[in-house]
Structure formats: C-alpha cells, structure tokens
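Following: one structure in structure tokens, then a few remarks.
Coordinate-derived values only; no laboratory data. Computed from a predicted structure; not experimentally measured. We place every Cβ from the backbone using ideal geometry, glycine too, and count neighbours over all the protein chains shown.
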Amino acid sequence: MVRQSRRSFVEEVDFVTSVGFGKGPGDRQRLGLMGAGPTLVITDLGVLRPDPKTCELTLTELHPSVAEEEVIAATGWKLAVAENLLRTVPPTERELAALRAFRSPGDA
C-alpha cells in the first residue's frame, strides 16, 4: 500500500522502473511482455483499477471516512472516478490481528 499524494501520484514520471501498461493499450503485447499488467493499486485513501479500454487508473473504491475530493486533491492528474464508486469493507479484528503479527517491533 502506498500513501497517495501529489508527490507520489504524479502526472508524468522522470523514469520508469516497471512497465505497467507502458504508454497505453497494447504496449505490453508490442513489447512481448507476458501477463495482463497491473490489476489494482491500493493506497491509504482507496483503490484504483485500470480502465479495461484505456488502461487509465480509475478510482473505484474509497476507504471508510475518505471523501472523493480528498483523493482527487492527492492526485497529480485529472483522476477518473468510477460512476459506481464503492466503499471498501473495513478489516475484521481477526484480519487486523494477522496484519499486526507481521509488523516489525520498530514499526509505528
């Protein structure tokens, strides 16, 4: 999970470390890459999924107590928002306990 901000979600990157979808639909195939590419991005504000036609990241889910405007403000480009914007389901106590078991002693 990444913290979503205008600093981490920029309109254009200086260099690419992972192809993702390249410059858009069909680039993975033209480059001979296997696999479908990224399927979702989970941030501290919500979930973004690539549009099936354009590959553009689209906000599809908001985490509890996060406003759509907050996500848009934390994005360095005009963010696409799904018509049927959903809310993520909060983790159960059991899921939280499992996640906390993975934390290092020095983690906040």
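Write down Rg/Rh for the chain, rounded to two decimals, with Rg from the C-alpha atoms and Rh from the Kirkwood relation over Cα pairs. Mind dumping the intermediate values first?
On the way: Rg = 16.0 Å, Rh = 15.8 Å.
Ratio of gyration radius to Kirkwood radius for the chain: 1.01.
Among 14-24, 42-52, how do they line up by average Cβ neighbours within 10 Å per residue, starting with the highest? All intermediate terms of the calculation are to be shown ahead of the outcome.
Values: 14-24: 10.3, 42-52: 17.5.
Going from most to least packed, we get 42-52, 14-24.
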**Asked** If you average the sequence gap of Cα pairs under 8 Å that are 6 or more apart and divide by the length of the chain, what percent do you get for the contact order?
**Response** 26
**DSSP beta bridges in the chain [antiparallel fraction, %, rounded to 5]** = 60
**Asked** How far apart, in nm, are the 7 Å Cα→Cβ label points at residue 44 and residue 83?
**Response** 3.4
**Item:** Potential extension, residue 1-residue 13 segment - 0.36 nm per residue separation minus Cα distance
**Value:** 2.4 nm
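In segment 32-108, which trypsin sites (Lys or Arg not before Pro) fall in coil by DSSP and have 14 or fewer other Cβ atoms within 10 Å? Present the calculation step by step, with values, prior to reporting the outcome.
On the way: sites: 53, 78, 87, 94, 100, 103; in loops: 53, 78, 103.
Answer in residue order: 53, 78, 103.
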